[in-house]
1. Does Leu175 satisfy being open to solvent by less than 70 Å² (accessible area, probe 1.4 Å) and at pLDDT below 85?
2. Name the helices (runs of 4 or more DSSP H) wholly within region 1-87 that hold at least 3 residues that are small (Gly, Ala, Ser) and more than 26 Å from Val99 (Cβ to Cβ)?
3. Please give the number of the condition Arg60 fails out of (1) of a type outside the set (Asp, Glu); (2) open to solvent by 60 Å² or more (accessible area, probe 1.4 Å); (3) modelled with pLDDT under 85.
4. Among the basic types (Lys, Arg) and either over 23 Å from the mean Cα position of the chain (by Cα) or over 30 Å from Ile150 (Cα atoms) (or both): is that true of Lys89 in this structure?
5. Only residues that are open to solvent by less than 30 Å² (accessible area, probe 1.4 Å) and over 30 Å from Gln146 (Cβ atoms): list them for region 1-28, please.
6. Picking from Gln49, Gln90, Gln34, Gln82, which residue would you name as being within 30 Å of Leu175 (Cβ to Cβ), open to solvent by 30 Å² or more (accessible area, probe 1.4 Å) and out of contact with any strand residue (DSSP E or B) (no Cβ under 7 Å at 6 or more places or on another chain)?
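The values are calculated or read from the model by the stated rules, or taken from the named source; none is laboratory data. These numbers were taken from a predicted model, which means no experiment stands behind them. Quick reminder, even Gly has a Cβ in these numbers, built from the backbone with ideal geometry, and neighbours come from all protein chains shown. Ligands, DNA and RNA are stripped out before the accessible areas are found, and what is left, the full protein with its side chains, is counted by its heavy atoms. Shrake-Rupley method; radii C 1.70, N 1.55, O 1.52, S 1.80 Å.
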Amino acid sequence: MAEIEDAIERADREGFTREPPKTLKSQIGYLLKQLKTTRAVAREIGVSQRSVERYRKGERKHPPKAIAERIDAAVRARWQPQVRRRRQKQAATTGGITVETRARFGYTAPIGTTDDGRFRRLTVHLPPAYAQRLFDARNTGASDQQMRQIIAEGLKDIYFQDGGNRAMGLSEVTLNDIDYLDLDY
């Protein structure tokens, strides 16, 4: 599962300043404006070029559910790129990122301390440096596990070690068995 990628996508969608097109005809029109040709739109959503032409003209108004979902996903992926970039830049430079999760945390700690992993529900605001690392990792095609590790390091520094005020012997935190994860920036 790509929980981190999905959480970033949800956070991006929450920042839309305008709603994306809702009708099939307007969605296809928007995709045509972005991709330039009916052939490119057809390849993007996995239908024939003729189907795209029918959707555009309004001859077909109700595609199968799977195709409708692909059309909606393609529109949302391209909708308001400047708004997304601006919000991500702000999070990476000044605002930081808030992580809300319920997951099993495991960690490596000194002998004599409790290092048993257990489920915790956390809402932690991570500094901009972690947001920048997360966005950079996503943009370079990092795996979900690599992005989890970035978040786990942030939670270790901010939550478990309280910015260097406690649990200094804690060397590694892992984020496992994610029940849910939500990001806000």
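1. Yes.
2. By residue number, 65-78.
3. Looking at each condition in turn, Arg60 falls short on (3).
4. On the way: among the basic types (Lys, Arg): yes; either over 23 Å from the mean Cα position of the chain (by Cα) or over 30 Å from Ile150 (Cα atoms) (or both): no.
Criteria not met by Lys89.
5. Those that are open to solvent by less than 30 Å² (accessible area, probe 1.4 Å) and over 30 Å from Gln146 (Cβ atoms): Pro21, Leu24, Gln27, Ile28.
6. So the residue among Gln49, Gln90, Gln34, Gln82 that is within 30 Å of Leu175 (Cβ to Cβ), open to solvent by 30 Å² or more (accessible area, probe 1.4 Å) and out of contact with any strand residue (DSSP E or B) (no Cβ under 7 Å at 6 or more places or on another chain) is Gln90.
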